Amino acid sequence: MPLTMTRYAGHEAVQLEAGAVRLVVTTSVGPRVLALLTEDGRNHFAELPDMTLPCPGSVPIHLRGGHRLWAAPEDPRFTYRPDDDPVRVEELPDGILFSTAPDPVAGTSREMHIRVTAPERVSLDYRVVNTADRPQRLAAWAITMLKPLGRAWLPMLTEPFDPGGFQGQRNIVLWPYARTADPRFVLHEYAIEVCAAALAEHHVEGSFKVGTSLRRGWVAHWRDGLLFVKRAGHDETQPYADMGASGQVYSHGDFTELETLGPLTDLAPGEAAVHREDWEINLVGEAEAERLVTSGELDR
């Protein structure tokens, strides 16, 4: 895939065309997808150039917005690592590979292989490599920061998980700061919804986070004419961080995050935890987005 170089928000970057949308992937830092642009020039990812998180023993990490790759389980000492250095960029026959140098504190390096597979369709393969001299148990954790005040859904099974329906099939995982009375938290038969629009309507403050096992294979977000769908697998035979919540939604006043996790993997030095997402971008109104979410058409 030939590289199309550009600049965005002060960063050197690569632009990938995917039908009616474009991805902008920075090469200055990362790996990070800075923007999901529609033809009118709007970026549907959050832009947070000044937002930081404390990073124990180091400078603060810049969140920046967009889409990033972290390692789970979440531990500020190893997860919140600065990504302020340029990434390596390699042109491949079917896409572009973005990778980092080893982080001496976390003992990892990260790789993001991005391929445009069809109009408005993109695949991303992730590797978190154990570069330490000791074994580590890690998972690849893909996090997309979208603009606030939209609607996000984590689908749940509606039919029995096993013959006879004797096994539990719908898990709801809440973080310590999440309150069940939060108006953003809406529980349907078919999905958990995080309606961030309630932040403005109810003058809610604080963050909310919920997760579930992605047994239906996707998580979605709608705002301002764009339904963004992330597809990822869930392997019932493998362990996952966060009580099995391979799909997660985090709501903050400045952004909403769609998160998927690969399984926790015991890695010898040099081995990698792998994960994959397939993105679908649907340019639809709210009624059509809700129909797609509730109809089961997103199940594949």
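Of the GluC sites (Glu not before Pro) found in the stretch 194-300, the ones in coil according to DSSP and having at most 16 other Cβ atoms within 10 Å of their Cβ are 205, 236, 271, 297. With helices as the sole contributors, the chain gives -1500 deg cm²/dmol at 222 nm; each DSSP H run of n ≥ 4 counts as -39500 (n - 2.57), and the sum is divided by every residue. In terms of its alpha-carbon gyration tensor, the chain comes out rounded; the largest-to-smallest axis ratio a/c stays below the 1.5 threshold.
Under 5 Å from the amide H of residue 21 lie the amide H atoms of 120, each residue being 5 or more positions distant or on a separate chain, with H modelled from the backbone and absent for Pro and chain starts. Shown for the chain: the carbon plus sulfur share of the solvent-accessible area, taken with all protein chains present and a 1.4 angstrom probe, equals 53%. If you find the alpha carbon centre of the stretch 176-206 and of the stretch 1-80, how far apart are they in angstrom? When both Cα centres are located, 26 Å separates them.
Rolling a 1.4 Å probe across the protein heavy atoms gives the stretch 79-232 an accessible surface of 43 Å² per residue. Between the stretch 232-252 and the stretch 158-172, the alpha-carbon centres lie 17 Å apart.
In the chain the longest region clear of chymotrypsin sites (Phe, Trp or Tyr not before Pro) that are loop-assigned by DSSP and have at most 10 other C-beta atoms within 10 Å covers 1-165. Close amide H partners of residue 191, meaning residues 5 or more places away or on another chain with modelled amide H under 5 Å apart, are 156.
Shown is the FRET efficiency for residue 236 and residue 6, computed with R0 = 45 Å from the Cβ-Cβ distance and rounded to the nearest 0.05: 0.60. Put a plus charge on the Cβ of each Lys and Arg, a minus charge on the Cβ of each Asp and Glu, and nothing anywhere else: the dipole of the chain about its Cα centre is then about 260 debye.
Label positions at residue 297 and residue 134, each projected 7 Å from the Cα along the C-beta direction, are separated by 5.2 nm.
The values are calculated or read from the model by the stated rules, or taken from the named source; none is laboratory data. Just so it is clear, the model here is predicted, and its values are computed rather than measured. As a convention, Cβ positions derive from the backbone with ideal geometry for all residues, glycine included, and neighbour counts pool all protein chains shown. All accessible areas refer to the heavy atoms of the entire protein, side chains included, with ligands and DNA or RNA removed. Shrake-Rupley method; radii C 1.70, N 1.55, O 1.52, S 1.80 Å.
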